[in-house]
Amino acid sequence: MASIRRYKKSRGYGWRVQYRAPDGTSRTKQGFRTKDEAQTWAAANTID
């Protein structure tokens, strides 16, 4: 399960995905321009 949140950048906002890696550690990937991009990436790259 991934958590998707908006964050402030120097020019506007971006979207960040926080997820659990297969080894159990918490990881973050950011830099998505839209929430939809972040959700698509999270669905394709996380294990429930």
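Between 0 and 90 degrees, the angle of helix 35-45 with respect to the longest Cα principal axis of the chain falls at about 20 degrees. Shape call for region 5-48 from the C-alpha gyration tensor, a ≥ b ≥ c root eigenvalues: rounded (a/c under 1.5), prolate (a/b greater than b/c) or oblate? Oblate. Could you list the residues of region 19-40 with an amide nitrogen less than 15 Å from a label point located 7 Å from the Cα of residue 3 in the Cα-to-C-beta direction? So the set is 19-21, 25-30. Kindly state, to the nearest 0.05, the FRET efficiency for residue 13 paired with residue 40, given R0 = 22 Å and r defined as their beta-carbon distance. Here the calculated transfer efficiency is 0.80. Assuming charge only on the beta carbon of Lys and Arg (+1) and of Asp and Glu (-1), the dipole of the chain about its Cα centre is about 420 debye to the nearest 20. Annotation for residue 47 and residue 21: the two label points, set 7 Å from Cα along the Cα-Cβ direction, are 1.3 nm apart.
Just so you know, all these numbers are worked out from the coordinates, no wet-lab data involved. Just so we're clear, the structure is a prediction, and the values are computed from it rather than from any experiment. Neighbour counts run over all protein chains shown; Cβ positions are idealised from the backbone, glycine included.
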